[in-house]
Structure formats: structure tokens, C-alpha cells
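Asks: What follows is a structure written as C-alpha cells; I'll ask about it next.
Just so you know, all these numbers are worked out from the coordinates, no wet-lab data involved. Computed from a predicted model, the values in this text were never measured in an experiment. Using ideal geometry, Cβ is built from the backbone for each residue, glycine included, and neighbour counts are taken over all protein chains shown.
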Amino acid sequence: MLPFLREVYYIPMQDAFGYTNTEMGLMMSLFGLVSLLTYFPGGWLADRFSPRKLMASGLLATGFVGFYFATFPSYTVSLFIHAFWGGCVSLVFWGAMIKATRNWAPASEQGKAFGILESGRGVAETLSSSLFLLVFAWLGSNADGLAQVINLFAGTNVFLGVMTWLVIDDEHSQLPDESESDQIVPAKSGLSDVVTVLKMPEVWLISIIVLTAYSAYWGSYYFTPYATDAFGLSVTIGAAIGVGKMYLKPAAALFAGVIADKIGASKAVLGLFMLLIVGFSVFGFLPGGPAMVGVMLATIVISSMGIFALRGIYFALIEEGGIPKSMTGTAAGVISAIGFTPDVFMPLIGGVFLDNFEGVVGYQYFYLVIAALCVVGAIAAAIMLARINRLASGLT
């Protein structure tokens with residue numbers, strides 16, 4: 001949450017730090033760039049070091065640097081801090097978290113494991129943001145209040161880092177793949193693992209699925225301005241829609257995880273993409289105006305649940321795709337490096353459409369692009385489902 005403070009505290013950050021809009025954007029772009037560049041090596045790292053040590057180190061480092069950020073350092077230092085946070089999140093923490101989650105549950109409960117992960121992330125995000133926002137308001141919504149909010153987020157990271165060190169089991173986090181020998185095989189060279197992972201069709205299919213699902217997630221960022229610009233709702237109601245949809249995340253992710261374990265992750269992913277194709281197509285053709293508010297709100301609820309459910313289970317495809325546990329981190333790094341590229345191109349696509357087409361038309365074109373991307377995701381999920389079925393038929 002520390003690198004994403006601007007989502008809630010954009011104006012207070014500008015007032016406290018004295019940054020321009022361009023400087024704020026550059027700071028976040030640098031964080032995103034470092035994150036994208038380090039997902040890949042971070043996955044390789046997760047296959048060679050204890051997830052417990054990596055996760056704890058990433059949380060502790062993020063938190064301790066956060067305390068310094070709360071002192072409102074110079075812009076140059078703030079740039080370095082955001083670059084450092086990008087490395088902490090993607091190089092040290094992310095791949096290790098994915099690997100620890102996969103190893104935490106048996107093969108038959110991967111959907112539930114990743115569903116609980118995403119559900120817990122949703123609960124933590126909603127509760128911490130709400131509570132710390134109350135603290136900010138109570139302290140006067142000024143620079144001192146912002147400093148304390150940053151300290152609270154930093155302290156939370158440090159606390160979670162200590163808890164990770166105490167709770168995560170090194171032995172459990174390094175279980176060998178059930179399909180492999182009973183003996184833990186020494187790690188091969190990094191280049192060999194990378195080449196092996198890149199040759200797996202399942203890795204590329206999952207990457208496409210994550211990329212298209214994450215593009216749909218980016219579409220949800222625009223629900224607030226969509227409600228106000230296209231349907232004439234007030235800014236307050238638009239903001240309430242933006243916050244309200246976050247409360248759907250925990251239940252949607254957890255429910256999807258349970259269903260994925262019963263019918264298969266790839267089949268669940270395919271069904272959710274079909275739901276999103278319909279939802280974003282409705283947005284693409286829905287005229288604006290007060291008369292369509294009810295349809296718009298219902299579609300936002302359904303689409304949001306589909307998006308959060310999809311995010312809750314797409315990493316469960318790593319197990320279903322037969323990727324060896326010894327290469328989980330490397331595979332997660334490749335998938336994340338490709339799958340999270342919408343951070344780069346989706347804001348640009350949205351900006352171009354909204355700047356060049358007034359009113360509801362810009363949103364319609366934008367959401368039709370997302371519907372088309374969801375079609376691509378559905379095709380990838382269908383291909384993966386067919387491959388898994390062929391493999392199962394061959395085994396039987």
C-alpha cells in the first residue's frame with residue numbers, strides 16, 4: 001500500500017511534498033518500471049531461497065524505508081525510495097508469496113489457497129485503508145496527519161515482516177513436487193530453469209490469461225468517472241461506487257477458489273471470462289443518462305465480482321498446468337512480467353479514448369477494447385482446458 005498512497009492521498013501528498021502532477025506521475029512510473037523489470041529475476045530468486053526469508057525481508061525493508069518517507073524527503077530521494085519499493089515488492093516478495101501459497105495447500109485445493117490469498121488481501125486493503133483514513137481525518141487532514149498515515153502503513157509492514165518470520169515454516173515452504181522424486185533435487189542453473197519454463201506452453205497461456213484479466217481489472221478503475229461522466233451521478237456517489245466495489249473482493253475471490261477446486265481452475269477461469277465479455281460488452285453499448293443508471297450499477301456489481309473472482313484463482317493454474325514446484329517462482333516471475341504489463345498500456349489506452357471522445361462514447365470504445373481482450377483470455381483458457389483434458393485422457 002505504501003507505493004500506492006497517491007490513490008487516496010493524491011492532493012495531501014502534493015501539499016506535503018510540494019510535487020507537481022508530472023513529478024507524482026514520474027514517481028509512480030519509476031516504481032512500475034522497476035517492478036516490471038524485477039518480476040522475472042524475483043521468480044528465479046524465489047526458487048533458490050526460502051520464501052520465509054524473502055517475504056520477511058521484503059516486508060521489513062519496505063516498512064523501514066517507509067518511516068523515512070514519512071519525513072518528507074527531497075524529490076530525488078523519493079524517486080529512489082519508489083524504485084527501492086519496486087524491488088522489494090517484485091524482486092524479493094512477490095514470487096516468494098506465490099510459491100509459499102502454492103506449497104501451503106495440496107494440489108486439490110489450489111483454488112481455495114489462492115482464493116484465500118486474494119480474499120485476505122482484499123480484507124486487509126479495505127480495513128487498513130478505512131482505518132488509516134479515519135486517523136488522517138481525525139488528525140486534521142494535513143501534512144502531520146499524512147506523516148502518521150505513512151508511519152502506520154510502514155509499521156504494519158514491519159509487524160507483518162516479523163509475523164512472517166515467526167509463522168512461515170521453511171521446511172514446509174520447500175516441499176518437493178509430489179510428482180518428482182522423494183528426495184529434494186539440487187537446484188539447476190538459473191539459465192536452465194528459465195529456458196525450461198519459457199518452453200512450457202502452459203506458462204504462455206497463463207501469462208495471456210493474467211494479462212487479459214488484469215486489463216479487465218484496470219477497466220474497473222474507471223467505474224467511478226464512468227458513473228459521473230456518462231450517467232450524471234454526483235462525485236460523492238461515484239466515489240461510493242469505487243469504494244463499494246472493493247467490499248465485493250473478499251467474498252468473490254474466496255467463493256471462486258472453492259468453485260475452482262470442484263470444477264477445475266481452467267474451467268472456472270473460462271466461465272468468468274465469458275461473464276466479463278458480456279459485462280464489458282454491455283458497457284460498450286449502454287447509452288448514458290439517468291434512465292440507464294440501474295442497468296449500469298447492476299453490471300458494475302456483476303463485472304466487479306467476476307474480476308475479483310478471476311484474480312483470486314488465475315495463479316491456481318500453475319498447479320493445474322503441471323508446472324513443477326521446483327520452478328514455481330521462475331514460472332510466476334515470467335507470468336507476472338508479462339501478465340502485469342497492462343500497468344503500462346491500459347492507462348494510455350483509456351486516456352486516448354477519453355480525451356478524444358466526449359461523454360459516454362469514450363468509455364464505450366474503451367470497454368469494448370477490454371471485452372475484446374477478454375475474448376483473447378477466454379480463448380487462452382479454452383486452449384489450456386483442452387490441453388489439460390487431453391493429458392488426463394492420456395493418463396487414464
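Asks: Can you give the FRET efficiency to the nearest 0.05 for Thr196 and Phe49, using r as the Cβ-Cβ distance and R₀ = 30 Å?
Replies: Efficiency at R0 = 30 Å is approximately 0.95.
Asks: How far, in nm, would the chain grow between Trp138 and Arg6 when pulled straight, counting 0.36 nm per residue and subtracting the alpha carbon separation?
Replies: 45.6 nm
Asks: With the dipole of the chain worked out from charges on the C-beta (+1 for Lys and Arg, -1 for Asp and Glu) around the Cα centre, which of Ile81, Gly264, Trp44 lies farthest toward the positive end?
Replies: Highest projection toward the positive end goes to Gly264.
Asks: Quick one: among Val258, Val210, Val195, which has the greatest mean-square fluctuation in a GNM of the chain with alpha-carbon springs under 10 angstrom?
Replies: Of the options given, Val195 has the highest mean-square fluctuation.
Asks: Through the Karplus equation 6.51 cos²θ - 1.76 cosθ + 1.60, θ set to phi - 60°, convert the phi angles of the stretch 13-28 into ³J(HN,Hα) values in whole Hz; use x for Gly and Pro.
Replies: 5, 4, 5, 6, 8, x, 8, 7, 4, 5, 5, 5, x, 5, 4, 6
Asks: Throw me the Rg/Rh for the chain, computed over C-alpha atoms with Kirkwood Rh, two decimals.
Replies: 0.97
Asks: Measure up Lys99/Lys267; Lys112/Lys199; Lys53/Lys245; Lys245/Lys325 against 25 Å on the Cα-Cα distance and list the ones that go over.
Replies: Lys112/Lys199; Lys53/Lys245; Lys245/Lys325
Asks: Another question, then. Which one of Met305, Met346, Met55 has the biggest mean-square fluctuation once the chain is modelled by GNM with Cα springs under 10 Å?
Replies: Largest GNM mean-square fluctuation: Met346.
Asks: Also, quick follow-up: Classify the stretch 231-274: rounded, prolate or oblate, from the alpha-carbon gyration tensor (a ≥ b ≥ c, eigenvalue square roots; a/c under 1.5 rounded; otherwise prolate if a/b is larger than b/c)?
Replies: oblate
Asks: What residue among Ala240, Ala372, Ala107 has the largest mean-square fluctuation in a Gaussian network model of the chain, using Cα springs under 10 Å?
Replies: In the Gaussian network model the winner is Ala240.
Asks: About its Cα centre, how strong a charge dipole does the chain have in debye, to the nearest 20, once Lys and Arg get +1 and Asp and Glu get -1 at the Cβ?
Replies: Values: 18 positive and 24 negative charges, 85 e Å.
Roughly 420 debye for the chain.
Asks: Can I ask one more? Once you list every other residue whose beta carbon is under 12 Å from the beta carbon of Lys249, what net charge do they have if Lys and Arg are +1 and Asp and Glu are -1?
Replies: +1
Asks: Where in the stretch 194-218 does the label zone of Arg390 land, with the point 7 angstrom along Cα→C-beta and an amide N cut-off under 16 Å?
Replies: Hits in the stretch 194-218 for Arg390 at 16 Å: 200-206.
Asks: Seen from all sides and averaged, what is the projected area of the convex hull of the Cα atoms in the stretch 7-51, in nm²?
Replies: 4.4
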